[in-house]
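*Asks:* One structure, pasted below without further comment.
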Amino acid sequence: MRSLFGRLLSSYLIIILLTAVTVGFSLSRFFTNYYRMVLGEELTQQAEQLASRLATPLELDGAVDLEYMMDSFEDCIGAGVWLVDSVGVVQETSELYAGWRGARIEGPLQRELAAGRTVVYRSGDGPLSAGIITVAVPIRKSDGVDGGVLLHYPMRGISRTMRVVRPLFYRTLMWAVLLSIGVGFFMSRRIARPLQEMTAISLEMSRGNFDERVQEISEDEVGQLARAFNHLAEELGRSIHALTQEKSKTESILVSMTDGVIASDSEGRVMLMNPQAVEFCGRTEASATGEDLREVIPDPLLVESFQETLASRQGCELEVERGSKAYLVRVSPITGPGEENWGSVALLNDISSRRELEEMRRQFVANVSHELRTPLTSIRGFLQAILDGVV
């Protein structure tokens, strides 16, 4: 899943499943160990009661039917019973372990009993097979320890109890997992939905629509992000609107100018042209924008002036002719903050009318001079003749 919602939900599911498996395994081990501990304590209490009841008959040399007592005890609590003497020989057993009569226990268990200490094997590592919990309690009488009582409880009883408990535990765990999945789905949607909404609004903003806003705003960090995003969209909309207005004003000014304007960037590519410059170059603004000046401007001298201005950052002035028109061109550098070179701009002033007026003035002065010079020459000749006495 590549979406944020899918990744969040997958993360929740993985965490929930890992937690469920870990908790289930831990609780199963805990209940098993706890049940063994409780069972060991109960068996210890039962063994101590049996040892206290057997202490008196042993001192009176067997006045009680031990076999009947042990069989009854086995039927009552479900645990096999051994009675061992002071050297570890099994003197009597319940019916379940009748084959062990006469056997002898040795090792740590015998030494612990001889020392008068109670021994509990909860992990099934007693004198019998691995599936048995064994509790050994010494029989104390007035002159010391005289043997002991051993209770053997099969672990299958624990297994039966756990088989009964496990289905209930697994059903509870399954409902907890399903509930957690539902909560995870809801939380994932709650986190992902505002982000998806912000993504859609961002695409709308890229298309020029700054009126959309995030509607679902919570009080957490995602809600703070949504509020900041709405504020950003509002401020960006205002800025774009202001820039659009400024651009419209600039374009209106350029269009209404009687002089042509050509602007280039620092690489010598055309950035903008107004209609008067379009007329001078003979190309539309759309086709000229982004093109090299040498491919747009038809006059080599003007192109050279642009290049000199870009290189030296010094303005220049020249006159160029285009067809029947003459232009006075002023090329100036465009400088940004820190004297950064942003390009250059040329202002094309149409001086064709001025040249025509100048030509008309020269012709008028020449005609007037000629017309005035002719009678003055005649008058001068007459005056000279009068002075010479001819007339």
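The values are calculated or read from the model by the stated rules, or taken from the named source; none is laboratory data. All of these numbers come straight from a predicted model, not from anything done at the bench. Here Cβ is always computed from backbone atoms with ideal geometry, including for glycine, and neighbour counts include all displayed protein chains. Note: accessible area is taken over every heavy atom of the protein model, side chains too, but ligands, DNA and RNA are not part of it. Shrake-Rupley method; radii C 1.70, N 1.55, O 1.52, S 1.80 Å.
*Asks:* Among the residues of segment 228-244, is there at least one that is open to solvent by less than 90 Å² (accessible area, probe 1.4 Å) and under 30 Å from R330 (Cβ atoms)?
*Replies:* yes
*Asks:* Hey, among S248, S305, S239, which residue is under 30 Å from I201 (Cα atoms), outside any loop (DSSP other than H, G, I, E, B) and modelled with pLDDT of 85 or more?
*Replies:* Values: S248 fails: modelled with pLDDT of 85 or more; S305 fails: under 30 Å from I201 (Cα atoms).
Of the residues listed, the single one that is under 30 Å from I201 (Cα atoms), outside any loop (DSSP other than H, G, I, E, B) and modelled with pLDDT of 85 or more is S239.
*Asks:* Which of the residues that make up segment 161-182 are touching a residue at least 12 places away in the same chain (Cβ under 8 Å) and aliphatic (A, V, I, L, M)?
*Replies:* As a first pass, look at segment 161-182 and keep what is touching a residue at least 12 places away in the same chain (Cβ under 8 Å): 161-162, 165-166, 169-170, 173, 176-177, 180-181.
Correct list: M162, V165, L173, A176, V177, I181.
*Asks:* Please work out which residue is farthest from R355 (Cα to Cα), limiting yourself to segment 299-314 and to residues that are buried (at least 16 other Cβ atoms within 10 Å of the Cβ) and in contact with a strand residue (DSSP E or B) (Cβ under 6 Å, 6 or more places away or on another chain).
*Replies:* Of everything passing the filter in segment 299-314, L310 is farthest from R355 (Cα to Cα).
*Asks:* If you don't mind, another one. Collect the residues in segment 253-298 that are open to solvent by 70 Å² or more (accessible area, probe 1.4 Å) and more than 19 Å from G323 (Cα to Cα), keeping them in residue-number order.
*Replies:* I253, V255, S256, E267, R269, M271, E285, A286 - these are the residues of segment 253-298 that are open to solvent by 70 Å² or more (accessible area, probe 1.4 Å) and more than 19 Å from G323 (Cα to Cα).
*Asks:* Regarding segment 289-296, can at least one residue be identified that is farther than 20 Å from S256 by Cα and hydrophobic (A, V, I, L, M, F, W, C)?
*Replies:* Taking every residue of segment 289-296 in turn, at least one turns out to be farther than 20 Å from S256 by Cα and hydrophobic (A, V, I, L, M, F, W, C).
*Asks:* Criterion first (hydrophobic (A, V, I, L, M, F, W, C) and out of contact with any Leu (no Cβ under 6 Å at 6 or more places or on another chain)) does A226 satisfy it? Outline the logic, then answer.
*Replies:* Details: hydrophobic (A, V, I, L, M, F, W, C): yes; out of contact with any Leu (no Cβ under 6 Å at 6 or more places or on another chain): yes.
The answer is yes for A226.
*Asks:* Turning to a different aspect of this structure: Please identify the pairs in which a residue from segment 13-25 that is within 12 Å of A176 (Cα to Cα) has its Cβ atom under 6 Å from the Cβ atom of a residue that is assigned to a helix (DSSP H, G or I), counting only partners at least 6 apart or on another chain.
*Replies:* I16/V177; I16/S180; A20/L173; A20/V177; G24/L173
*Asks:* Identify all residues within segment 256-288 that are outside any helix (DSSP H, G or I), closer than 19 Å to P300 by Cα and acidic (D, E); write none if there are none.
*Replies:* Result: D265, E267.
*Asks:* Please enumerate the residues belonging to segment 315-350 that are open to solvent by 90 Å² or more (accessible area, probe 1.4 Å) and either under 21 Å from E291 (Cβ atoms) or part of a strand (DSSP E or B) (or both).
*Replies:* The answer is E317, E319, E321, R322, R330, E340, W342.
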